[in-house]
Every structure is written in structure tokens, then in C-alpha cells.
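I have placed the structure first, in the form of C-alpha cells, so that the comments after it can refer back to it.
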Amino acid sequence: EYVLILTAVTMLVEIIAGSVYGSMALLADGWHMGTHVAAFMITIFAYRFARKHANNPAYAFGTGKVSVLGGFSSSVALGVVALIMLIESLLRIIEPQAIQFNEAIFVAVLGLVINLVSAFLLKDHQHDHVYSHSHVGEQDQKHHESKHGHHDHNLKAAYMHVLADALTSVLAIIALLSGKYFGWNWLDPLMGIVGGLI
């Protein structure tokens, strides 16, 4: 939940800053983080729903499918936002906008720091989650999980999302620095396209 709060605040800062300072790379990174906020919320809902209905006989094969459907929903949302980012970036290549580099670079660096902190928190939580799951469940499940570890697709997806965010932040910083020092303003919307593909 700490990662959700950090990501939501950073998303708002990056989207506002990207709009005000004219950086598509920063805006793309902010929207990218927005999809992760949605993904984290779906993940939290899936965990709580699965825990609440764990002993419900209506779920003949358990509530594991809720977690999988949560991951699927997150990926669909991410795909839609990526498409919007690609279209907006292409429009910015056709009609470039003025960029306030110093302010945009500051916000992009802040976004990178938040992503790295979030990745650390999720990695630590993922390790704790594996440990706690290896001590519960039926005998054969205990044996399987203690031998192979518990594979939580939602936690892994959240961690991979944060790493992808860190990469888009690095790309935004590179694009903004290149625009400021070399006049390569076209790199900013290009990095928006790359961010959408990531």
C-alpha cells in the first residue's frame, strides 16, 4: 500500500509537470505510473477478495483465479494507456511543443527515485510473501512451495511495472538532457513512443 501511495503522488506530479512544462516523455512516464496505480488497486482488491472468500465453497477450485483475473485486467488497462501515449507522442513529433527542461528534468529524476524506492519495497515484500506462503496450506502444497517458492503473479507484475517505470524515467531524463544540451527536442516525443512500447 505504501508503493500505491508513492506511485499515485508521483503520477500526479509527473502528469501535471509534463503538461505544464511541455514534456511528452515526462507525461508518458506519468500516465505509465497511472496504469500502475490502477494495477496496484486491482492487486489489493484481488488479495482482499481472495482472503475473504478463501473458505467459501462456491469457489470449488479456490480463489486463485481472482488474482489471475486481476493481473489480466491490469494488462488490458496498461495496453489502452500505451496506445494513447503512442498517438499523443506521434502528434508531438508532427507538431513540437516548447519544453521547460530544468523543471521537467527535476520531476523526472524525482520519479526515478520514487520508482527505485518502490522497487525495493516490492522486492522486500515479495520475499516476505514467499516465506509466509511456504509455511501454510496442505501438505503437498507446503512441499511444493518450500521446494519451488510461491509464484504470485500480481506481486511479480507490480514489481515488473515499477522496473518498467524506472526505465521510462531514465529514458525521459536522457531525452530531456539531450534536448537541453544538444537541442534534440525530437527525442522527447520519441521517448514517449518508446515508453508506450515498454
- Residue satisfying all of: in the stretch 42-60; without any contact (Cβ under 8 Å) to a residue 24 or more places away in the chain and of a type in the set (S, T, N, Q); surrounded by the fewest Cβ atoms within 10 Å (Cβ to Cβ) among these: ASN55
- Query: Is there any pair linking a residue in the stretch 98-118 that is closer than 16 Å to GLY192 by Cα to one that is of a type in the set (Asp, Glu), with Cβ under 8 Å and at least six apart or on different chains, and which?
  - Reply: ILE99/ASP188; VAL107/GLU14; ALA108/GLU14; ALA108/ASP29; GLY111/GLU14; GLY111/ASP29; GLY111/ASP165
- Some residue of the stretch 71-86 being part of a helix (DSSP H, G or I), open to solvent by less than 80 Å² (accessible area, probe 1.4 Å) and modelled with pLDDT of 90 or more: yes
- Message: If ALA98 satisfies all but one of (1) over 28 Å from LYS65 (Cα atoms); (2) open to solvent by 20 Å² or more (accessible area, probe 1.4 Å); (3) part of a helix (DSSP H, G or I); (4) modelled with pLDDT under 90, what's the number of the condition it fails?
- Response: (3)
- For the stretch 61-70, enumerate the residues that are exposed (fewer than 14 other Cβ atoms within 10 Å of the Cβ) and not in a helix (DSSP H, G or I). PHE61, GLY62
- Does the stretch 11-41 hold any residues that are touching a residue at least 40 places away in the same chain (Cβ under 8 Å), over 15 Å from GLY192 (Cα atoms) and open to solvent by 10 Å² or more (accessible area, probe 1.4 Å), and which are they? VAL13, VAL20, PHE40
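The values are calculated or read from the model by the stated rules, or taken from the named source; none is laboratory data. The structure displayed is predicted, hence computed values, not measured ones. FYI the Cβ positions are ideal-geometry reconstructions off the backbone, even for glycines, and counts take in every protein chain you see. The area values use the complete protein model at the heavy-atom level, side chains included, leaving out ligands, DNA and RNA. Shrake-Rupley method; radii C 1.70, N 1.55, O 1.52, S 1.80 Å.
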